[in-house]
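The values are calculated or read from the model by the stated rules, or taken from the named source; none is laboratory data. What you see is a predicted model, and the numbers here were worked out from it, not measured in a lab. Note: ideal-geometry Cβ built from the backbone for every residue, glycine included; neighbour counts use all protein chains shown. Just the protein is used for accessible areas: all its heavy atoms, side chains included, with ligands, DNA and RNA removed. Shrake-Rupley method; radii C 1.70, N 1.55, O 1.52, S 1.80 Å.
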Amino acid sequence: MERQMIIASTLDELRAARLLLDGRVGLVPTMGYLHEGHLSLARRAREECDSVVATIFVNPTQFGPTEDLSKYPRNLKGDLSLLESAGVDLVWTPDNETIYPPGFSTWVEVEGLTKPLEGASRPGHFRGVTTVVAKLFNAVQPQAAYFGQKDAQQAAVIRKMARDLNFPIEIVVCPTVREADGLAMSSRNSYLSPEERQAATVLSRALTAAKSAHEHGERNADTLRRIMSETLAAEPSAQMQYVSVADYDTLEELQTVMGKTLLSMAVFMGKTRLIDNFVIGE
Ligand code: AMP
C-alpha cells in the first residue's frame, strides 16, 4: 500500500504524527533546497529504519551577522516532492517562533571540538547548530539521525553532543555526494556564477593532490597543507580561508600524519564560501 507523506508545521502536529510512527525512527535534519547529498541521507535512513522523518528549517542562529541567512535558497514545494520520492514518512517544517519562542535563552554548546576550523571562522555557528539539533532530537525522538561527511566538523560535534548529553540516538555519518567533476554538492553552489562554478572544482582538486601525495608516502602535514594551498592559489577566483590537516577525532592540527586524518578547507569563490574535506589514512 502506498503510504502518504505527512507534512507537519506546528509542534503539536509533529508530535501527533510522530506518535503514529512505528519502530526505529530515523531523522534527517536539513535546511532545505535539497540535492542528491540530502537525498542520500534520506535513502540511507529509509534502508536502515522503519520510519523516516525529515526536517526543513533554515536555522537563523547558525548564521553569523554578515552571512547569507536572508538570501539562503528555498524551494519548499520541490523539497517536499523530492522527500516523498525518497520514501520519507513525515516532514516537519517548523517556523522560527516554534524553535525560538519569545524570550528564548537556553543554548547547547560543545566545548573544545567547536574551536578550530569552522568554529574559528564562524564564531557562534556551532552553538546554533547544536542548539537546533538538540531541539530536533527532543521533538522527533528518533533512534538514529543522519548527517553528511560533507560537514565533517559538524558531524563530529553532534556525535560529541549526543554522547555528552546521553541522547539515546545513533549518529550515522554518510559519504559526501559529489557532482561528476568532483565538486561537493551544496545548496550554496546555486550562488556560483558559471565561471565560479567551473573554478570551484579547485577544492576537490586540492584535496585529491594532498591525498595522492599521502598515498605516495608523504607524512609531513605542512607539506600536505602546502600542496593544498598552492593548488588553491593557482586558481585566481579562489580565495583560501584555511586549509587543515588534522586528527580525525580531536581535529587538532598535525605535524606528522599518522592514522585517520581529516584534510579540510574553506574557500571563497567570489562571495560564496565553500567547504570540503577528504578523510585519509583509514
Ligand atoms: P544542510 O541543509 O546544508 O544543513 O545539510 C543537511 C545535511 O545534509 C547535513 O547533515 C549535511 O552534512 C548533509 N549534506 C549536505 N551536502 C551533502 C553532500 N554533498 N553529501 C552528503 N551529505 C550532505
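Observations, loosely collected:
- Among F147, F57, F126: highest mean-square fluctuation, GNM of the chain, C-alpha pairs under 10 Å: F57
- For the range 123-275, the gyration tensor built on C-alpha atoms gives an oblate shape. Its axis ratio a/c (a ≥ b ≥ c) is at least 1.5, and a/b is not larger than b/c.
- Between T272, T98, T55, the residue with the greatest mean-square fluctuation in the GNM of the chain (Cα pairs under 10 Å linked by springs) is T98.
- Links that overshoot a 26 Å alpha carbon limit, given the list K135/K211; K77/K135; K71/K135: K135/K211
- Cα gyration tensor, the chain - rounded (a/c under 1.5), prolate or oblate: prolate
- Segment A180-E48, length gained on full extension (0.36 nm per residue, minus Cα span): 44.8 nm
- Accessible-area ranking of M258, M265, largest first, probe 1.4 Å: M258, M265
- Between P101, P168, P60, the residue with the greatest mean-square fluctuation in the GNM of the chain (Cα pairs under 10 Å linked by springs) is P101.
- Distance between the C-alpha centres of the range 125-202 and the range 1-43: 17 Å, rounded to the whole angstrom.
- The residues of the chain have, on average, 48 Å² of accessible surface per residue, using a 1.4 Å probe with all protein chains present.
- 15 Å Cα-Cα reach of K150 towards aspartates and glutamates, excluding residues that sit fewer than 8 places from it in its own chain: E36, E118, E179, D276
- Placing dummy labels 7 Å off each Cα toward the beta-carbon, the span from R3 to A16 is 1.9 nm.
- In terms of its C-alpha gyration tensor, the range 1-55 has an oblate overall shape, because the principal axis ratio a/c (a ≥ b ≥ c, square roots of the eigenvalues) is not below 1.5 and a/b does not outweigh b/c.
- Between N220 and T256, full extension at 0.36 nm per residue minus the direct alpha carbon distance yields a gain of 12.5 nm.
- The portion of the accessible surface of the range 97-223 made up by carbon and sulfur, rounded to a whole percent, is 49 (1.4 Å probe; DNA, RNA and ligands excluded).
- For a paramagnetic label modelled on V279 (point 7 Å from Cα along Cα→Cβ), amide N atoms under 16 Å away belong, within the range 35-56, to 41.
- Per residue, the average separation of C-alpha pairs within less than 8 Å and at least 6 apart gives the range 136-245 a relative contact order of 19 percent.
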